[in-house]
1. Looking only at the range A:313-340, how many residues end up being part of a loop (DSSP other than H, G, I, E, B) and loosely packed, with under 15 Cβ neighbours inside 10 Å?
2. E:His185 is checked against (1) within 16 Å of ligand 7 (Cβ to nearest atom); (2) touching a Gly at 6+ places or on another chain (Cβ under 6 Å); (3) closer than 30 Å to B:Thr87 by Cβ and fails just one. What number does that condition carry?
3. With the requirement that a residue be open to solvent by less than 40 Å² (accessible area, probe 1.4 Å) and among the acidic types (Asp, Glu), what does the range B:203-242 give you?
4. Got a number for residues in the range D:25-34 being within 8 Å of chain F (Cβ to nearest Cβ) and over 16 Å from F:Leu196 (Cβ atoms)?
5. Listed residues E:Ser179, E:Ser204, E:Ser197, E:Ser243; which is surrounded by fewer than 22 Cβ atoms within 10 Å (Cβ to Cβ), among the polar types (S, T, N, Q) and away from ligand 6 (no atom under 16 Å from the Cβ)?
6. Among F:Asp296, F:Asp301, which is the only one that is more than 11 Å from chain A (Cβ to nearest Cβ), farther than 27 Å from F:Pro172 by Cα and not aromatic (Phe, Trp, Tyr)?
7. Can you tell me which residues in the range E:120-141 are within 24 Å of E:Gly22 (Cβ to Cβ) and either within 16 Å of ligand 1 (Cβ to nearest atom) or charged (D, E, K, R) (or both)?
8. Can you give me the number of residues within the range F:118-142 that are buried (at least 21 other Cβ atoms within 10 Å of the Cβ) and within 14 Å of ligand 9 (Cβ to nearest atom)?
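The values are calculated or read from the model by the stated rules, or taken from the named source; none is laboratory data. This structure is a prediction, so every number in the text was calculated from the model and none was measured. Backbone-built Cβ (ideal geometry, glycine too); neighbour counts: all protein chains shown. Only protein heavy atoms, including side chains, enter the accessible area calculation; ligands, DNA and RNA are left aside. Shrake-Rupley method; radii C 1.70, N 1.55, O 1.52, S 1.80 Å.
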Amino acid sequence: MKYIDEYRNPDLVRLLLEQIDNAVSRPWTIMEICGGQTHAIVRHGLDQLLPSSIRLVHGPGCPVCVTPLEMIDRAHAIAAMPGVIFTTFGDMLRVPGSHQDFFSVRSRGADVRFVFSPLEALQIARDNPRHEVVFLAVGFETTAPGNAMAIKQAATEGLGNFSALSSQVLVPPAMRAILSSPDNLVQGFLAAGHVCTITGLCDYFPVAETYGVPIVPAGFEPVDLLNAVLKVVEMLEAGETGVVNAYERVVSRDGNAGALRVMDDVFEIADRTWRGIGVIARSGLRIREKYAAFDAERKFDVGHIEPKESSLCMSGDVLRGILQPEACPAFGKQCTPLSPLGAPMVSGEGACAAYYRYQRAWGA
Amino acid sequence: MKYIDEYRNPDLVRLLLEQIDNAVSRPWTIMEICGGQTHAIVRHGLDQLLPSSIRLVHGPGCPVCVTPLEMIDRAHAIAAMPGVIFTTFGDMLRVPGSHQDFFSVRSRGADVRFVFSPLEALQIARDNPRHEVVFLAVGFETTAPGNAMAIKQAATEGLGNFSALSSQVLVPPAMRAILSSPDNLVQGFLAAGHVCTITGLCDYFPVAETYGVPIVPAGFEPVDLLNAVLKVVEMLEAGETGVVNAYERVVSRDGNAGALRVMDDVFEIADRTWRGIGVIARSGLRIREKYAAFDAERKFDVGHIEPKESSLCMSGDVLRGILQPEACPAFGKQCTPLSPLGAPMVSGEGACAAYYRYQRAWGA
Amino acid sequence: MCLAIPGKLIAISQEHGLKMGSVDISGSVTRACLEYVPDIQVGQYTIVHAGFALKIIDEAEAAESMQVWNELLRAEAEERSARERR
Amino acid sequence: MCLAIPGKLIAISQEHGLKMGSVDISGSVTRACLEYVPDIQVGQYTIVHAGFALKIIDEAEAAESMQVWNELLRAEAEERSARERR
Amino acid sequence: MQFECPLPQADHDRVQIAHGAGGRLSRELMATVFMPALNNPMLAELDDQARLILPPGRVAFTTDTYVITPLFFPGGNIGELAVHGTVNDLAVGGAVPRFLSAGFVLEEGFPLADLQLIVSSLGQAAAKAGVSVVTGDTKVVQKGQCDGVFINTSGIGEIREGIDVSCRHLQPGDRLILSGTLADHGIAVLCAREGLSMQMSVESDSASLNAMISAVLEVFPGIHAMRDPTRGGAAATLNELASASGVGIVLEEEAIPVHPEVRGACELLGIDPLTVANEGKVIIAVPSNGADAVLDALRRDVHGKNAAVIGEAVGDHPGVVVMRTAYGSRRVVEMPLGEQLPRIC
Amino acid sequence: MQFECPLPQADHDRVQIAHGAGGRLSRELMATVFMPALNNPMLAELDDQARLILPPGRVAFTTDTYVITPLFFPGGNIGELAVHGTVNDLAVGGAVPRFLSAGFVLEEGFPLADLQLIVSSLGQAAAKAGVSVVTGDTKVVQKGQCDGVFINTSGIGEIREGIDVSCRHLQPGDRLILSGTLADHGIAVLCAREGLSMQMSVESDSASLNAMISAVLEVFPGIHAMRDPTRGGAAATLNELASASGVGIVLEEEAIPVHPEVRGACELLGIDPLTVANEGKVIIAVPSNGADAVLDALRRDVHGKNAAVIGEAVGDHPGVVVMRTAYGSRRVVEMPLGEQLPRIC
Ligand code: SF4
Ligand code: SF4
Ligand SMILES: [Mg+2]
Ligand SMILES: [Mg+2]
Ligand SMILES: [Mg+2]
Ligand SMILES: [Mg+2]
Ligand SMILES: [Mg+2]
Ligand SMILES: [Mg+2]
Ligand SMILES: [Mg+2]
Ligand SMILES: [Mg+2]
Ligand SMILES: [Mg+2]
Ligand SMILES: [Mg+2]
C-alpha cells in the first residue's frame, strides 16, 4: 500500500525512536489532538516505545466524543419521528445519548442507516422521495467540506426531503481552550494532519505564538507520528515555538481553498458546546440562513431537550489531557465499552476506549 | 350447537328425503341462489341423496364470483398505492383479477389485511391515522347493512382516512335476469335466507308472479334446505307459484327495517356489472354523494382499468344455471382452484370450486 | 354468501357510540354489533354475519316447526315398530 | 477523527453534476467526490475521507523526506557494519 | 482478563444487533438466557458442535422452523412449540427423541424478558419430553427483518428395534385412529390474533406426544403409519398417507372429535376443522386387530383421552380421501390449497 | 385422483404464503424446487423424519441459522454458505460430516427463480462436501416478516476414533495456525451491500473445509483445538480458545495473512480484519512438533495455500490474547463488542 507501508517500516520506526531518545533531556507532555492519531499510537503501541519521559496525552479530536449530548438526544428524537430515514456515519451509532443510542432507537422501530459518505445520504433522499432523510453532519474541518457539499448539492437539486443536523467543530478554538486552562499540562502539540489538509496552517501560527508552544501537523502512520514527536521534542528542547509541518506530502500552508470556499458558503462560525468540556466560543459550524431549508434543527421540532450527563464521568478532563483515562475512577468499572458513561469510552478512537481496548494490563 | 345441530338430525334428513321422494312425479330444475347454500348442499352431499329427477343448479349468490373484474383490478391498484392499508374479507384474497390476486399484491409490498367485520377495518383506520385505510365492501343485502354502518360511523367519527370500495349487489334483479333469459331452465328457487332476513319478502312476490315460479327462502342446514326443496317441489307439482317462507325463525315478511334504513342512507341503487353475466340494471349499491368522501372509487385515481377476462371461462352460464361446472371444457383442466380462470373456481362457495372439491369422481 | 351463525347474546356493551354485544356460539364468544337488533336481550339467540347481529331468532317459530317434524318422526317410528311387530 | 487513506485515482466520471472518481486502495476501489481536487489526473494519488478526495499527494515532497530517512538508514547500517568490522 | 463488566446500560432490556455478532454480548446472552434454561453438560462445553454417544442402530433426524404469530398464544408459546413439534416428528417415526438443536433468529429490539420466557419454556418442554438441547445458535437481524423470534429445532432420535412405521405403509383395512379433538391449535392461535375478536377457553393442544406414542408402541408394535397432523391439518396428513401408500381412505364424519367451542368458531369463521393445524395430535394407522389396544393405550394418556377411530383405509379410490357424512353421502376431502382464512360468505 | 393441475397462474414466479401452508403448493415447491436439487433417497421418502444408519461411536451434532444481506454476494450465496458453515462446524470438531437438515424461512413474494438458485447451490455444496441433506422444512412468512430467505442447517457427523479436539485443549507452547487470509468473507459481503460503493476482486472465502481438515488430521491426529473464525472473526475465536483453555495467546502481527485488497478496504473503512467474519478458514492449535506437518497439509489444499503460523499459546496472561507488533510493542486483542461498522473517524 503506497504511502502507507513505507511509513510503517520498522527500521525507520527504530531510527526515529533512537533520534527521539537522543533528543530528549527531560520530561515533556505532548498532546496529539486527533483521535485518529490516538488510535494509531495505541494500535501500534508507540507510546510503549517512546522514552518514558515523553508523555502523550489524548486530545478532543474525536467528533463522537465531543458532540454535545443535547445534539445526540436531538438526533435520536428526530430519528424516532415517523417518516424519517436517519443517516449517520457508523461511528455515531453507539454513542450514548441521555437515554439510548441509535441502535436502541432503531430497535424501537426507527429507520436508522449508516453511510460512509454524506453523498450516500443524498442518494437515499433521491431514492426515497416520500421520506425525510436526515444526515447527522458531525466532524471537524476535514469532514465539514463533504457535509457542506451534500447540503449545497441538495439545494442545487432541490431535494427538499434532505436535511442535515450540523454538529461540526473547529480545532484551533479547542487548542486555545486547552492552553488557556489554568491546569493545562500540554507543552506541545501534534496537530491533526487531515484537518490541516483543509485549513492549512495559518490559524495555527497565532496559537503557537500566543501560548508559546510548538505545533507540528502530523500524519497517521508510525513513521509520521514519531517524526512529528521528534520535531516537537526538538523544538521543546530548543525552547522554540511555532508551527513546523511534519506531514508535507498532504498538508500545505494554505490548505484546500475550494473546500474552504464551499464550507464558508454553507456554514458560519458559531459558539458550540463540546461534550465534557462546555461551550467554546466560535468553535463550531452552523448552517447559514440561506440553507435553512436543509437544516434539520430548524426543520424538525422535537420539543425541549434536557440532556442528562453521568455525574461520574470525567471525560471533560480526559478530553483536555488533564486526566489519563485510567485515572478516572469509573474507568473499567462502571464505565466500559459495553456500558459507556461518557463518549470517550464509545468511539474506537475515544481516549478511554483506546486505553480499555489495547492497554489494560493483562492478568489484571 | 342450538339452532344448528337439530337441523342436522339424520333422522329428519331421511324423513324429508322420503317426503320429497313421495312428492316428486317428474323432473324439476331448482336453483339455490345463495353460494352458502351451494356450499352446504355439497358439504353434506344432499344432491346425492335427492331423487335423480330433482336437479339443483347453483345461482350467482357469491360475491366473490360476481364482483366484476374491473372492480377487482381497481382494488388491486388501490392496494398497491403507497400509504394504503387495504382491508377485505378473507374470501376476496384469492379472487383473481386480470393479472394477480391480493396475495400477489401483498407479496409485492402492499399492506393487505383480512378483516372479519367492516368494523375491524374502521378500527384499523383509527389505529393508523397516517395511513389511508380502504375497505372492499362486497356482498349482497346481508352484508350491505354492516358495510353501510362502517361508512356511516366513519362519517360520524370524522375518520377521514377511511374509505370503502363498494361492489355490492342485489338478489332480485339477478333472479329476474336469470328468469328472463331465453335459455333459462330454472323452474323454482330456494331464496337466500340471510338476504331475506334483511330485505323481507316483498320484493320476491312480484318476481314469483311475473315469472310464474315458486320462491322459497331457505336456511342453510340440511333440514332447512330439504324442507325448502320439499316446499318448492310441492308447489311445482301443484302448479303453484308465489313465495313461501321455509326459514321462519330467521326470515320475516318485512325484514330488518333498521338495517334497510341505514343501507338506504348510505347507498343508492345503481346499474352494476356481474362478473360473467354482464350489466344488470339497478342491481347494485353505490355510495351516495353525501358520503363521497368515504368512497374509495372517488378518492383514489388509479387511471384507466382494462380488465382481461379469460376467453375459455364459461362462468356466465354457470352462474345463471345454464351450465353445470363439469360441463365447462376448462373445468379441472386449464381451470382448477390453483389456477382459476374464473371466479366460481376461486371461492369455497363458487359453483365450480364446490364441484371440483367435493364431487370430482374419485379415481378419475 | 352470507355465512351467518346463530348464537346466544351474553353481554351488551357500548363502543364508539355503537351498541355491541358478546355472542356465545357453542362456547366460543364473538363480538357483534347490535345496532340492527336494538331490542335484543341477553339470553336471546341471534344470527351473526360479518360482525353484525341481523335478527333475533324467533324461538316460538323454531319450536313450532321442530315440533311438527318431531311428531312426524314419532309417528313414523311408531308405524315402523308397528310394522315390525306385525 | 478524519480517517483518510491514500489511493490512486484510476477513473474520472460525472454524477448529478459532481466530478467523481474511482480510487484504488491496494486493489480495492472506492468512489470519491473529486470536487475538492479539481486538477487531479488519473494516476495521481489522493487522500480520501468520507467519500471525498481532499488533497493530491505531493509525491515530490514524499520522495524527498523518504530519501532523507533512507539515507539515514543507510548511513546507520554502514556505521553498524563498520563497527562490526572493527 | 475475563470480561466482568456490567450489562450494557443503553438497552439491556432489548435484543441488540450485537447480541448476534459473536462477540461479548453474544456470550452474555448465552450465559444469562440460554445456558440457565437449557442447562446440560454437552451444551455447556460451548464448542461449535455437541458430541453425542448414540447406541448402535438406526437414527431418526428431523428439522422444523417455527414461525408463529402471536409468539405467546393460549396454551403455549413458540418456545415449547419448537420442542413439541420436533419431538413429535421423531416420535411418529417410531423413534425415541433424544437430542435437539435450537437455532434462534431474533429481531433487534425484541424484549429480553420475553426471550427469557420463551427460552425457559423451551427448556422446560425439553426436560418434560426427556430430550436435551445439546447445540444451539443465535442470530439477530435488524428491526423489521423478522417477526420477533423464529426458532429452528432439529432432533435426533433412536429408532426402536422392530418398529417400522412409515407414511407408505398404510394398507386397506387399517383403522385410522385420531388421538383427540381436531383444530384446537390453529383456532386458538387464529382467535389470539389481533383484530379477530373471538374468545375461546380452548387452548392450543401443543404437547410432546413421545410418552404416549411409546405406550402405544409397547402395546402394539405393529403400527403401520403415524403422523402428526400439523400444518394443513388432518386433511393434509390423510391425503399424504393415502397418496404415499397408494390406498384410499374413508372417514366417518360423525366420528371425528372436535371440541364444541372449536366447532362453533369454525362454523362462524367458515373454516373446516380438518384443514386446521394441530400441535399435540397424532393419526395412527393400525391393522384392525390392533385398533382396540391402541385406542386403549391412547386413552390412558392425558393427551389421548378423546382418541377415536375416525375411518379406515380401503382398496378403492387409491390416493383419495373420502368423507362419509351422517346421511350416507360422500365427498372428497382434498389436500388443502393453502392458508385457511376466515370467510364471511 | 392425484393432483395434476398446472402451476398457479396467479403468481407462479414468486413465493406465496400457500407455499408454506402444508397443502398442495407446499408439495409442489418440494417437488419442483427442493427434491431435484437435494435429491437423495432418504429425503425422497418424505416422511416427517429421515432414518439414518450411523456406525457405532461418537456423533457430532451442530446447528446454525444463516441470515445474510445480500443473499447473493461475491463468491457465493446463502445456499452454499449454509452448507459450508455447518460442515465446517462439524469438521473442526474432528468429525466427518455426513447428514444435514435444511430449514428454510421464505418471505412471501421472494422470486422463485432466486430460490431455485439458492437451493441448487446448497445441493451442489452438499454434494461437493460429501454430505446428504436428508430432512427439511419450509416456512413462508408474510412480506416484510423476514429478509428474503433464512436457512437453518443442522449437521450430524461421525467423530473419528482417537481424535479429541476441543476449544478447551489449547496448551502453552501450541502453535496457532491460520489456514489463509483473514476477513475475505466479511469485507466482500460488506462491499456488496447497497450504498457502500466499494469494489473488490476478492470474493468471500465461503467453502467447506472438511476435506482439508481430514488431510490435516491424517498427517497429525494430535491436534489440540480447531475452530472456524466466523462471526466475530479471529479475534472472537482466539479469545474463546484462550478463555476456554485458560492459557494466553501471543500473535505476531506481521505473520497474519490478509489479502492486500482486503487490507486496503479495512484501512479505508476503519475496520480491524481480526474482527471480521470468515467462512472458509480454520484456526488450528497444534503442539509445536506437529506445526510443520499441519502447515504442509494445509498448503497442499486450495483452501489452505496461504496458511501460516500466526502465534502461539503461552502460560502467561491466561485468557488474554496479545498482539506483538512489528515494532516489538504489544496490545491486547479484545473480544469484539459487536457488529463492525465502517468508520470515518
Ligand atoms: S472512563 Fe468512562 S466515565 Fe471515565 S472519563 Fe472515560 S468515558 Fe468518562
Ligand atoms: S370451471 Fe373454471 S373456466 Fe369453467 S366456468 Fe368454472 S371458473 Fe370458469
Ligand atoms: Mg420436520
Ligand atoms: Mg401447552
Ligand atoms: Mg413437524
Ligand atoms: Mg452458530
Ligand atoms: Mg409432522
Ligand atoms: Mg453451530
Ligand atoms: Mg464460494
Ligand atoms: Mg458456525
Ligand atoms: Mg464455528
Ligand atoms: Mg416441517
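1. To start, the set of residues in the range A:313-340 that are part of a loop (DSSP other than H, G, I, E, B) comprises A:313-314, A:320-324, A:328-330, A:332-334, A:337-338, A:340.
Restricting the remaining residues to those that are loosely packed, with under 15 Cβ neighbours inside 10 Å gives A:329, A:333.
Matching residues across the range A:313-340 total 2.
2. (2)
3. Listed by number, the residues that qualify are B:Glu221, B:Asp224.
4. The first filter runs over the range D:25-34 and keeps only residues within 8 Å of chain F (Cβ to nearest Cβ), leaving D:25-31.
Imposing the further condition that a residue be over 16 Å from F:Leu196 (Cβ atoms) reduces the set to D:26-27.
Here the count works out to 2.
5. On the way: E:Ser179 fails: surrounded by fewer than 22 Cβ atoms within 10 Å (Cβ to Cβ); E:Ser204 fails: surrounded by fewer than 22 Cβ atoms within 10 Å (Cβ to Cβ); E:Ser243 fails: surrounded by fewer than 22 Cβ atoms within 10 Å (Cβ to Cβ).
Result of the check over E:Ser179, E:Ser204, E:Ser197, E:Ser243: E:Ser197.
6. Numbers: F:Asp296 fails: farther than 27 Å from F:Pro172 by Cα.
Every option except F:Asp301 fails the conditions.
7. Selection gives E:Asp137, E:Lys139.
8. 5
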